[in-house]
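Asker: One structure is given below, represented as structure tokens, and several questions about it will come after.
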Amino acid sequence: MIEKSLLEVKNLLTQFTSESGIVNAVNDVSFQIKEGQTVCIVGESGCGKSATAMSIMGLIEPTSGGVTGGEILFEGHDLLKMSKGDLRRLRGNDLSMIFQEPMSSLNPVLTIGEQITEPLREHELLSKKEAKRKAIELIELVGIGRSHEIFHSYPHQLSGGMLQRIMIAIALCCNPRLLIADEPTTALDVTIQAQILELLRTLKERRQMAMLLITHDLGVVAEVADYVIVMYAGKVIEHAPVVELFKNPKHPYTKGLLAAKPVINQRKESLYTIPGQVPNLVDLKPSCYFSARCRQCMDICTTKMPRLVEDEEGHSVACWLYEEAKVQ
């Protein structure tokens with residue numbers, strides 16, 4: 001049985017305007033998410049992960065930039081060509097997002113109950129009483145006790161872990177078919193992080209929804225992903241099924257990310273670090289963007305951008321180490 005693609009991103013280009021020039025935050029990015037699949041996008045800060053998510057949701061502020069090329073197809077319909085009204089109706093219903101910082105994403109002057117019931121009344125057209133009942137059910141669904149008390153609480157009265165659960169409840173209130181989670185475990189301790197990941201996994205399976213998870217933590221990826229996309233400097237440089245990627249990483253950047261992850265019971269004097277930093281996205285030269293940090297850099301890497309090459313395992317990589325071998 002062929003799984004149906006729920007979301008297809010084709011040659012996406014998202015640009016921001018800065019004092020230094022145009023920033024290509026998302027540079028010719030393509031991928032797809034199938035129904036019920038969990039896809040993880042990984043990479044360092046500044047690699048375009050969140051910009052990709054915000055582009056899909058249509059939440060880029062026009063004053064700072066926007067999507068300037070490509071297609072974002074949700075069940076075959078291009079989100080970039082939808083009217084604002086149609087896109088607003090889609091968001092919250094079929095397409096929902098958990099933002100990175102719950103404390104800054106939630107309104108500090110509105111109660112938790114008001115913030116959960118708003119999308120229920122807007123999208124589900126529920127009465128005030130029905131919306132309150134469902135909101136309390138959602139608070140309990142995400143594993144928070146004292147649901148009636150929490151309903152009347154304000155964000156500053158809750159812990160970081162509880163706020164993240166509230167964000168999940170808001171995102172799930174209208175039964176989305178695709179949930180985008182942008183760093184949902186950032187700044188949470190390890191125990192709470194494990195609880196949030198288990199909650200997301202349970203809710204995903206229970207509701208048969210697809211999920212796009214954005215993270216820099218490969219431990220999180222190993223826990224939840226079916227498929228992994230590695231981004232660097234706004235481009236996709238490698239993607240593969242999760243087991244294949246961990247078993248056989250190909251791009252030097254992916255290998256560096258995996259090497260930098262601490263391993264239990266393996267004591268080292270110092271952790272591995274990838275030298276250098278992500279290049280300035282305003283002043284990118286025609287080259288492999290990772291070449292200045294790569295220990296396997298060749299002459300061609302500094303003058304020409306490699307294309308994504310796919311092997312028989314469905315494993316794609318953009319690296320001249322493999323491009324040259326394929327050409328020969």
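Asker: Per residue of the stretch 144-159, in order, report the coupling 6.51 cos²θ - 1.76 cosθ + 1.60 (Karplus, θ = phi - 60°) as ³J(HN,Hα) in whole Hz, putting x for Gly and Pro.
Answerer: 9, x, 6, 4, 5, 5, 4, 4, 9, 8, 9, x, 5, 8, 10, 6
Asker: Once the principal axes of the Cα atoms of the stretch 234-293 are found, what is the range along each, listed largest first in whole angstroms?
Answerer: Computed over the Cα atoms, the extents are 42, 30, 13 Å.
Asker: Can you compute the label reach from D226? Point 7 Å from Cα along the Cβ direction, backbone N cut-off under 15 Å, restricted to the stretch 15-32.
Answerer: Only 32 pass the distance filter.
Asker: If you don't mind, another one. For the stretch 102-175, what does the relative contact order come out to in percent, with C-alpha contacts under 8 Å and a separation of six or more?
Answerer: The value is 46 percent.
Asker: Mark the label point 7 Å from the Cα of E75 along Cα→Cβ and return the residues of the stretch 106-144 whose backbone N is within less than 11 Å of it.
Answerer: none
Asker: Now, a different point. Let me check I have the definition right: for the stretch 102-175, take the eigenvalues of the Cα gyration tensor, multiply each by 5, take square roots. What are those semi-axes in whole Å, largest first?
Answerer: After scaling each eigenvalue by five and taking roots: 18, 12, 11 Å.
Asker: Sticking with this one: At a Förster radius of 25 Å, what calculated FRET efficiency corresponds to the Cβ-Cβ distance of Q32 and N107, to the nearest 0.05?
Answerer: My answer for the efficiency is 0.15.
Asker: Please rank L245, L284, fewest neighbouring Cβ atoms within 10 Å first, as an exposure proxy.
Answerer: Ascending number of Cβ neighbours within 10 Å: L284, L245.
Asker: Oh, and also: Which residue, P119, P249, P286, tops the fluctuation ranking in a GNM of the chain built on C-alpha contacts under 10 Å?
Answerer: The residue that fluctuates most here is P286.
Asker: Each residue of the stretch 116-121 in turn: what ³J(HN,Hα) in whole Hz from Karplus with 6.51, -1.76, 1.60 and θ = phi - 60°, glycine and Pro shown as x?
Answerer: Residue by residue, the stretch 116-121 yields 7, 6, 4, x, 5, 6 Hz.
Asker: Related question: For Y232, list long-range residues whose amide hydrogen, built 1.01 Å from N in the peptide plane, is under 5 Å from its own amide hydrogen.
Answerer: HN-HN under 5 Å from Y232: I237.
Asker: What's the extension gain from L59 to S45 if we count 0.36 nm per residue and subtract their Cα-Cα distance?
Answerer: Residue separation times 0.36 nm, minus the Cα-Cα distance, leaves 3.1 nm.
Asker: May I pose another question? Find out how many positive minus negative residues lie around I144, taking Lys and Arg as positive, Asp and Glu as negative, among other residues whose Cβ is under 14 Å from that of I144.
Answerer: Taking every Cβ under 14 Å from that of I144, the sum is -1.
Asker: Of K10/K304; K4/K285; K49/K255; K34/K128; K4/K247; K84/K134, which pairs sit farther than 29 Å apart, going by alpha carbon to alpha carbon?
Answerer: K4/K285; K34/K128
Asker: Can you sort I144, I116 by how many other beta carbons sit within 10 Å, fewest first?
Answerer: I144, I116
Asker: Determine the principal axes of the Cα atoms in the stretch 54-114, then give the extent along each, sorted from largest to smallest and rounded to whole angstroms.
Answerer: Computed over the stretch 54-114, the largest-to-smallest principal extents equal 37, 26, 19 Å.
Asker: Separate question: Quick one: I72, I214, fewest Cβ neighbours within 10 Å first, how do they rank?
Answerer: I72, I214
Asker: Using a cut-off of 10 Å between beta-carbons, work out the net charge of the residues near I274 (Lys and Arg +1, Asp and Glu -1, I274 not included).
Answerer: Once all neighbours under 10 Å are counted, the net charge is +2.
Asker: Set the Förster distance to 25 Å, then compute FRET efficiency between E310 and E198 from the Cβ-Cβ distance, nearest 0.05.
Answerer: 0.15
Asker: How much net charge surrounds P249 when only the other residues with a Cβ under 14 Å from the Cβ of P249 are counted, with Lys and Arg +1 and Asp and Glu -1?
Answerer: Value of the local net charge: 0.
Asker: Charges at C-beta only: +1 for Lys and Arg, -1 for Asp and Glu. How large is the resulting dipole of the stretch 102-175 about its Cα centre, in Debye rounded to 20?
Answerer: With Lys and Arg at +1 and Asp and Glu at -1, about 120 debye.
Asker: Still on this structure, please answer the following. Can you work out D for the chain in µm² s⁻¹ from Stokes-Einstein, where Rh is the Kirkwood radius over C-alpha pairs, the temperature is 25 °C and the viscosity is 0.890 mPa s?
Answerer: My calculation gives 116 µm²/s for D.
Asker: From the C-alpha coordinates alone, can you work out the Kirkwood hydrodynamic radius of the stretch 39-143, in Å?
Answerer: 16.1 Å
Asker: Please turn the phi angles of the stretch 170-185 into ³J(HN,Hα) values with the Karplus equation 6.51 cos²θ - 1.76 cosθ + 1.60 (θ = phi - 60°), one per residue in order, whole Hz, x for glycine and proline.
Answerer: Once θ is set to phi - 60°, the couplings for the stretch 170-185 become 5, 5, 9, 4, 10, 6, x, 8, 10, 10, 9, 10, 9, 6, x, 10 Hz.
Asker: Per the helix-only calculation at 222 nm, which mean residue ellipticity applies to the chain, given -39500 (n - 2.57) for every DSSP H run of n ≥ 4 and division by its residues, nearest 500 deg cm²/dmol?
Answerer: -9500 deg cm²/dmol
Only the coordinates and a few stated rules stand behind these numbers; no lab work does. These figures come from a predicted structure and were not determined experimentally. FYI the Cβ positions are ideal-geometry reconstructions off the backbone, even for glycines, and counts take in every protein chain you see.
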